[in-house]
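Visitor: Take this structure, written in structure tokens, and hold onto it; I'll ask about it next.
Values in this text are rule-based calculations from the coordinates and carry no lab data. Keep in mind that this is a model prediction, so the values were computed, not measured. In this analysis, Cβ positions are derived from the backbone assuming ideal geometry, glycine residues included, and neighbour counts consider all displayed protein chains.
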């Protein structure tokens, strides 16, 4: 199966097929898209909205009382982000990536995203779905085109938490598309994983799970949508499971080298424990997957 990968890949990244969730009412849509009073936004050169993330200090890694935390997220450690930055309000959608490809000649992903050989975004027709099937180098090139870059892992988590200290900035169903709510019917992904693990991916595919148009859930206090769920987001850092034990306290940039780059945020096929602010994914740079996209940052002010 061309883009499904192994069960291990999907278990780590967590993924499947698209369905279009019933349309929200105008009142629901207005409420979901309402910018928090504390947020400041501006339009980037790629036509997307960027929100201002002020400097600050936070606890990176395991949240207090988080029983799903693992060793790669330990120890919890204090990090200072010394300079504010602008961050994409949403994950980069297909339409923006099309503009980038047309403007620069950078190759658009040749293969449409599929799962079990079923199309997720046939013909890349829906410009509001997040771009996927992009490598780390693709993500870097896109962000450079915007005059920006990929966020560091610390910047990403600081922005995703938006001042909160728990595993998530709100109720999971309200803020994220994940395995339980991203298909035609509600699933219990934990039960499937624990009791029918060999068929986890197939069960999600049969339920037509898939990504959703960006910006449909409730944003965090910085005004960012979909930092948790929908698609994994490439960040700048190399991955090292033990890096937190010796991370600098200010503006960490990650290891100087490695085999994998970090992914953050979880996806539309992830069970709840993988859709947390502290969760760390990893893949080799050349990976293309229907679960993986990006979000950019720009330097301030």
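Visitor: Using a Gaussian network model on the chain with a 10 Å cutoff between Cα atoms, which of 201, 132, 284 fluctuates the most?
Guide: 284
Visitor: Once you put a point 7 Å from the Cα of residue 284 and another 7 Å from the Cα of residue 245, both along the Cβ direction, what distance in nm separates them?
Guide: Output for this residue pair reads 2.7 nm.
Visitor: From the convex hull of the Cα coordinates of region 91-162, what is the mean projected area in square nanometres?
Guide: Reported value for the Cα convex hull: 5.8 nm².
Visitor: Report, for the chain, the % of DSSP beta bridges that are antiparallel, rounded to 5.
Guide: Antiparallel bridges: around 90 percent, rounded to the nearest 5.
Visitor: Please report, largest first and rounded to whole Å, the three semi-axes of the ellipsoid equivalent to the chain, where each semi-axis is the square root of five times an eigenvalue of the C-alpha gyration tensor.
Guide: Semi-axes, largest first: 26, 22, 20 Å.
Visitor: Then there's this: Give the separation of the Cα centroids, region 196-242 to region 82-130, in Å.
Guide: What the calculation gives is 15 Å, centre to centre.
Visitor: I've got another one for you. Residue separation times 0.36 nm, minus the C-alpha to C-alpha distance between residue 195 and residue 127: what's the value?
Guide: Gain on stretching residue 195 to residue 127: 20.8 nm.
Visitor: Over region 7-299, what is the mean sequence separation of C-alpha contacts under 8 Å (at least six apart), divided by residue count, expressed as relative contact order in percent?
Guide: 31
Visitor: For region 80-123, compute Rg over Rh where Rg is the Cα radius of gyration and Rh is the Kirkwood radius from the inverse mean 1/r over Cα pairs.
Guide: Answer for region 80-123: 1.16.
Visitor: Among 157, 91, 112, determine the one that fluctuates most according to a GNM of the chain built with springs between C-alpha atoms less than 10 Å apart.
Guide: 112
Visitor: What ranking of 104, 152 emerges when the number of other C-beta atoms within 10 Å of each C-beta is taken as an exposure proxy, fewest first?
Guide: Ordered from fewest to most neighbouring Cβ atoms within 10 Å, 104, 152 come out as 104, 152.
Visitor: Sort 115, 58, 222 so that the residue with the fewest other Cβ atoms within 10 Å of its own Cβ comes first and the one with the most comes last.
Guide: Final ranking by Cβ density, sparse to dense: 58, 222, 115.
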